[in-house]
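First comes the structure, then the notes that go with it.
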Amino acid sequence: QAQSIDEVLRQIEQNNKELQSQQHATRAAQLEVQTQNNLEDPSVEYSPFYTKGITGMSSSELVVTQGFDFPTLYAARSRSGKLQREALHRQYEATRRDILLNAKNLCLDLVMLNKQQGLLEERKKNADELLALFEKRLEEGDAGILEVNKIKMERMSVQTEVSQNNAAHRTALQQLLAMNGNLPMDFTSRDYPQVEALKDYNALYDEVMDATLLAADAAARAAEKNISVSRQSWLPKLEIGYRRNTSLDEKSNGFLIGGSLPIFSNRKKHQIARAQAISAQYQLDNARLQAEAQVQSQFNEM
């Protein structure tokens, strides 16, 4: 039984290699964003000391430390990471939409070619019957050779169109199969799907613009949130730990508390974040303008 367009799209969504690759790449990128807010790795140091005149180790020192950022920075990075993961998801959705749109266009092309194939088969059948009739009339003297040759030329023209239709059909079907991971697929429909006439430009605008701009909007919001993260990156990094010293006749335990000021490592980061946010906003504005122009043009064309 021939598949419908919706069934073909569901199958391609499941089997398309590019979509599968993008899905795993998006998942990897989202996990990478999550790791940006992890704690630092704990550090363990052990130092043995040796003294002249004493056999073996005279004393030792064990230091276990854990560094972490200022607590408010984790909350800011968490909010920023959530927006970054949303942007990655929206980019995946845009890729999915484009792939399925290409597949649907191929299905519509195949519907057209299937319809043409039926008409061409009928024309070829008529041309064959007409040629047989006029060849018989030529033998009987009721028709001239010019009339027969004219019918032969028409028959050759139809055969050429049939060959072109078959080649175009094979090409479109091969492209569709490639999008389906080269898994078998049967699409022989000659009926276009029912589509309601588009009379309300605003309704079309809302539908198309939402799909087009969600990825760019999420990226712009993520870049804007990253500015607040960069502001808090000037806060000191903290470090706590445990220290144990041993000698021949005594042992001592203590705590380690320290920190570091990111005076050098944080230079220009705020300016970088602000420039990235401005760039993302311009990209959003450009995407909106391009989409508006395309929607208006296509609506006018329809």
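The values are calculated or read from the model by the stated rules, or taken from the named source; none is laboratory data. None of these values were measured; they are calculated from a predicted model. We place every Cβ from the backbone using ideal geometry, glycine too, and count neighbours over all the protein chains shown. All accessible areas refer to the heavy atoms of the entire protein, side chains included, with ligands and DNA or RNA removed. Shrake-Rupley method; radii C 1.70, N 1.55, O 1.52, S 1.80 Å.
What's the number of the only condition in (1) closer than 30 Å to LEU235 by Cβ; (2) surrounded by 13 or more Cβ atoms within 10 Å (Cβ to Cβ); (3) modelled with pLDDT under 90; (4) hydrophobic (A, V, I, L, M, F, W, C) that LEU39 fails to meet?
Looking at each condition in turn, LEU39 falls short on (2).
Scan segment 133-147 and tell me whether some residue there is in contact (Cβ under 8 Å) with a residue 24 or more places away in the chain, surrounded by fewer than 18 Cβ atoms within 10 Å (Cβ to Cβ), assigned to a loop (DSSP other than H, G, I, E, B) and in contact with a helix residue (DSSP H, G or I) (Cβ under 9 Å, 6 or more places away or on another chain).
Among the residues of segment 133-147, not one is in contact (Cβ under 8 Å) with a residue 24 or more places away in the chain, surrounded by fewer than 18 Cβ atoms within 10 Å (Cβ to Cβ), assigned to a loop (DSSP other than H, G, I, E, B) and in contact with a helix residue (DSSP H, G or I) (Cβ under 9 Å, 6 or more places away or on another chain), which makes the answer no.
Quick one: in segment 289-302, of everything that is of a type in the set (A, V, I, L, M) and surrounded by 11 or more Cβ atoms within 10 Å (Cβ to Cβ), which residue is farthest from ASP217 (Cα to Cα)?
So, considering only residues that are of a type in the set (A, V, I, L, M) and surrounded by 11 or more Cβ atoms within 10 Å (Cβ to Cβ), the one farthest from ASP217 (Cα to Cα) is VAL295.
Which one of the conditions (1) open to solvent by 70 Å² or more (accessible area, probe 1.4 Å); (2) on the phi > 0 side of the Ramachandran plot does GLY56 fail to meet, given that it meets all the rest?
It fails just one condition, (1).
GLN164 is checked against (1) open to solvent by less than 90 Å² (accessible area, probe 1.4 Å); (2) assigned to a helix (DSSP H, G or I) and fails just one. What number does that condition carry?
(1)
State yes or no: is ARG155 in a helix (DSSP H, G or I), over 19 Å from ILE12 (Cα atoms) and basic (Lys, Arg)?
Yes; evaluated as a whole, the condition is true for this residue.
Out of the residues in segment 194-227 meeting the condition of being polar (S, T, N, Q) and buried (at least 18 other Cβ atoms within 10 Å of the Cβ), tell me which one is farthest from GLN290 (Cα to Cα).
Applying the filter and picking the extreme gives ASN226.
Do the conditions hold for GLU121, that is, is it open to solvent by less than 60 Å² (accessible area, probe 1.4 Å) and of a type outside the set (Gly, Ala, Ser)?
For GLU121, the condition - open to solvent by less than 60 Å² (accessible area, probe 1.4 Å) and of a type outside the set (Gly, Ala, Ser) - is not met.
Could you identify the single residue in GLU129, GLU147 that is under 59 Å from the mean Cα position of the chain (by Cα) and acidic (Asp, Glu)?
Going through GLU129, GLU147 in turn, the sole match is GLU129.
Of all residues in segment 254-288 being at pLDDT below 90, open to solvent by less than 100 Å² (accessible area, probe 1.4 Å) and charged (D, E, K, R), which is farthest from ARG90 (Cα to Cα)?
So, considering only residues that are at pLDDT below 90, open to solvent by less than 100 Å² (accessible area, probe 1.4 Å) and charged (D, E, K, R), the one farthest from ARG90 (Cα to Cα) is LYS269.
If you take the residues in segment 234-244 that are open to solvent by less than 60 Å² (accessible area, probe 1.4 Å) and in a strand (DSSP E or B), which one is modelled with the lowest pLDDT?
Residue satisfying both the conditions and the ranking: LEU238.
So, in segment 177-222, how many residues would count as being basic (Lys, Arg) and either in a helix (DSSP H, G or I) or without any contact (Cβ under 8 Å) to a residue 12 or more places away in the chain (or both)? I'd like the intermediate steps shown before the answer.
So the first thing to find is which residues in segment 177-222 are basic (Lys, Arg), and the list is 190, 199, 221.
Going one step further and asking which of them are either in a helix (DSSP H, G or I) or without any contact (Cβ under 8 Å) to a residue 12 or more places away in the chain (or both), we end up with 199, 221.
Summing the residues that are basic (Lys, Arg) and either in a helix (DSSP H, G or I) or without any contact (Cβ under 8 Å) to a residue 12 or more places away in the chain (or both) in segment 177-222 gives 2.
On the basis of being at pLDDT below 85 and open to solvent by 50 Å² or more (accessible area, probe 1.4 Å), does ASP191 make the cut?
no
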